[in-house]
Every structure is written in structure tokens, then in C-alpha cells.
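The values are calculated or read from the model by the stated rules, or taken from the named source; none is laboratory data. What you see is a predicted model; the values in this text were computed from it and never measured. Here the Cβ is made from the backbone with ideal geometry for all residues, glycine too, and neighbour counts use every protein chain on show. Note: areas computed on protein heavy atoms with side chains; ligands, DNA, RNA excluded. Shrake-Rupley method; radii C 1.70, N 1.55, O 1.52, S 1.80 Å.
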Amino acid sequence: LIRCKDCGFVFSKWAPTVSDLNEYYADYPRHPSISEITRARYNEILDMFESHRELNRILDIGCSSGFFLEEAQKRGWDVYGTEVSDVSIENGTSKGFKMLKGKMSEITTQPGFFDAITNFEVIEHINYPNEEAKAIHNALRPGGVLYLTTPNYKALSKTILGNKWNMVEYPEHLSYYTKQSLSELFIENGFKVLSLRTTGISVTRFKESMKGQNHDDISEHPDEKLRSRVERWRILRISKTSANRALSLLNKGDTLKMLAQKVSN
């Protein structure tokens, strides 16, 4: 990995070829369902978008199995998704999504076409972040919003695990962000950051890292049992909220969560 001494942006020394990526993502893990807790969280994000809803069009970059778009569709949004694999394109189309194939920077969309764009755990897979940010900016209408999540390179788990931290995984993850590098990327490309937090610690991923295992989608892992327990008990919800506030204040949560608004053309 290489680190920019000015902004702290960390990126892979190597860049995979198109054929490398096509081969890797052809067998990328996909899950048949998500928990009701995750669906509730998706609806909380959609609640944030309501005040920005004018054109009624929403795009999920790297929509995978399309669970977020399913929730948006239920609420009457005109839903669009991007993916690189034919399997995901076919899956999205079968659910009634308007699917766009390829990288965001390669897809032609009408400028200002979307009210809202989501980017869940995708930007770390991209090794050309400025092109990606510009493409997102172009696709959003003035005043439109972007919600983005990505692993936090300054996470407490990464600090503790050091070289065992399993989020460093080539050719899947090519870029690694901190609060500073993520906010600077989008501010420099015409956005205003409305909120930027770091939350959560994945017990499962921590254990996997200690064992030298690759990371995977945690929706099928024991973290879900812990999430369910927290949802059921008020004292655990209060503890979780307090922990997340502390993690965000210290910039040590596992995940960066950013809400940004397009402010210039």
C-alpha cells in the first residue's frame, strides 16, 4: 500500500487488469436475503432522502442483490442500479430495476438525472476515486445527495490488528479512506459534506482477522445475532449509541458513513 503524505489517502501499489476483475467478481459472494434490521436501516437512509425527492429517481452503485433498491421501490422511487457482472444485471432487471452495466465513470447518464445516489461499500473497490466522484457529481441534480459507506483505515480494529487486518485484500480492495481523505475527495469535486461519522466494530471480522481468514459479507455471520440482541434490549441500544458516539468522536469506528450534497456544477 502507498499513502499520500498530504491527505492520508491509502491505495494499492498494483492495479488489476479488466480481465482480473471480471474473473474475480464473476464468483463474488451473493446472499439470498438480509435481516429485518438491515431493511430497517435502509429505510432510515431513505427517510433522509425524502426532503431531497424532486425527480423521484435514485441510483444504487454496485447494487449487488438489490435489497436496498427493493426498499426504495416499495416507497415509490424510480430505481436504478449499476453492476459489472451479467448475473447481477439479470437479477436486477428481473426485479424491475433499470440496470446500468459497468463502472460509474464509464456509464453515460443525463447530467443531473438523479435526486439521490447510494454507494455502499463500493468506493474501496475503485482505484480511480476522482473519476468516480466526478461521475457521481455529474449524475446528481444540483442539491441532490450522496450516501456512501466504506471501511475506515483509522479504525480501532485496524490499529489493534495491524498487518492482520483483513480488509486489505487485493484485488478486491484498492483504496482505503480516512475521514480526511474521503471528505477532501468529495469537497474537491463539488460536494458539501453534511455528515461524516465512523461507527461500529465487527466482532466477527476481528476474529476472522486474528485467524488469518479473508473478510466476507457479515450478514450471514454471528454479528447478526449480536445486532438482534441489541435491538431487543433497551440497555444494549443505549450502550451501542454511546459506543458509536465515542468511536465517531475518536474517528475509530469500523465504517465511514458520509452524507454529501452536490453544491456546484
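At-a-glance table
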{"read-out": "Filter result (touching a residue at least 60 places away in the same chain (Cβ under 8 Å) and among the hydrophobic types (A, V, I, L, M, F, W, C)) within the range 1-25", "value": "LEU1, CYS4, CYS7, PHE9, VAL10, PHE11, TRP14, ALA15, LEU21"}
{"read-out": "Single residue of the range 39-58 satisfying the filter (assigned to a loop (DSSP other than H, G, I, E, B) and of a type in the set (D, E, K, R)) that is least open to solvent (accessible area, probe 1.4 Å)", "value": "ARG53"}
{"read-out": "Residues of the range 86-120 that turn out to be closer than 23 Å to SER33 by Cβ and hydrophobic (A, V, I, L, M, F, W, C), as a count", "value": "5"}
{"read-out": "Subset tally (residues that are more than 30 Å from ILE201 (Cβ to Cβ), of a type in the set (S, T, N, Q) and touching a Gly at 6+ places or on another chain (Cβ under 9 Å)) for the range 120-156", "value": "1"}
{"read-out": "Matching residues in the range 1-16 - criterion: being open to solvent by less than 30 Å² (accessible area, probe 1.4 Å) and within 16 Å of LYS158 (Cα to Cα)", "value": "GLY8, VAL10"}
{"read-out": "Selected residue (only one of GLY112, GLY92 is open to solvent by less than 30 Å² (accessible area, probe 1.4 Å) and assigned to a loop (DSSP other than H, G, I, E, B))", "value": "GLY112"}
{"read-out": "Matching residues, the range 149-176, being among the aromatic types (Phe, Trp, Tyr), touching a helix residue (DSSP H, G or I) at 6+ places or on another chain (Cβ under 7 Å) and in contact (Cβ under 8 Å) with a residue 60 or more places away in the chain", "value": "TYR176"}
{"read-out": "Options LYS252, LYS192, LYS257; residue that is modelled with pLDDT of 75 or more, in a strand (DSSP E or B), touching a Leu at 6+ places or on another chain (Cβ under 9 Å) and open to solvent by 50 Å² or more (accessible area, probe 1.4 Å)", "value": "LYS257"}
{"read-out": "Residue tally, condition open to solvent by 20 Å² or more (accessible area, probe 1.4 Å) and either aromatic (Phe, Trp, Tyr) or assigned to a helix (DSSP H, G or I) (or both), over the range 148-171", "value": "9"}
{"read-out": "Selection count, the range 130-147, where residues are in contact with a Lys or Arg (Cβ under 7 Å, 6 or more places away or on another chain) and crowded, with 19+ Cβ neighbours inside 10 Å", "value": "3"}
{"read-out": "Residue match in the range 26-33 (condition: open to solvent by less than 50 Å² (accessible area, probe 1.4 Å), in contact with an Asp or Glu (Cβ under 9 Å, 6 or more places away or on another chain) and assigned to a helix (DSSP H, G or I))", "value": "no"}
{"read-out": "Candidates SER183, SER105, filtered to the one that is open to solvent by less than 50 Å² (accessible area, probe 1.4 Å), within 21 Å of TYR80 (Cα to Cα), assigned to a helix (DSSP H, G or I) and among the polar types (S, T, N, Q)", "value": "SER105"}
{"read-out": "Test result for SER19, open to solvent by less than 70 Å² (accessible area, probe 1.4 Å) and closer than 23 Å to SER88 by Cα", "value": "no"}
{"read-out": "Members of the range 59-85 found to be surrounded by fewer than 23 Cβ atoms within 10 Å (Cβ to Cβ), within 22 Å of SER33 (Cβ to Cβ) and more than 16 Å from the chain's Cα centre (by Cα), listed by number", "value": "GLU70, GLU71, GLN73, LYS74, ARG75, TRP77, SER85"}
{"read-out": "Verdict on ILE126 being open to solvent by less than 40 Å² (accessible area, probe 1.4 Å), closer than 18 Å to VAL145 by Cα, hydrophobic (A, V, I, L, M, F, W, C) and in contact with a strand residue (DSSP E or B) (Cβ under 7 Å, 6 or more places away or on another chain)", "value": "no"}
